[in-house]
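Contents: one structure, followed by commentary.
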Amino acid sequence: MFDSIHDHIRKIAKKWSGKVKPKIKVKEGIFAEGSGQEIATYLLGKGGGKAKAMQRLNFYINRAGENLTNAGALNKAKEILEKK
């Protein structure tokens, strides 16, 4: 009985592991071309306050991975948001 349950769980895990999304491609726009102040202002203008702006910024940075091109400005935006 245990072997059949174990096999079933293994099949389910294999099915779900294939659905992991790859890293996103960095889009042109405010995150790729903006200054730290512009990025911070844009994120704060989206609503939700400082905490939500930080969540959005961290999500973008984490999902971009190796494709991150504007790291200096993004880190500056983080500093600006942390000070507010």
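The values are calculated or read from the model by the stated rules, or taken from the named source; none is laboratory data. Everything numeric here is computed off the predicted structure, so don't read it as measured data. Cβ sites come from the backbone with ideal geometry, for glycine too, and all protein chains shown count toward neighbours.
Of the residues making up segment 33-47, those that are of a type outside the set (Asp, Glu), more than 16 Å from GLU82 (Cβ to Cβ) and either without any contact (Cβ under 8 Å) to a residue 24 or more places away in the chain or part of a helix (DSSP H, G or I) (or both) are TYR42, GLY45, LYS46, GLY47.
Answer yes or no: is there a residue in segment 28-51 that is charged (D, E, K, R) and at pLDDT below 65. So far as segment 28-51 goes, yes, one or more of its residues are charged (D, E, K, R) and at pLDDT below 65. Across segment 40-66, what is the number of residues that are within 15 Å of the chain's Cα centre (by Cα) and surrounded by 12 or more Cβ atoms within 10 Å (Cβ to Cβ)? Here the count works out to 12.
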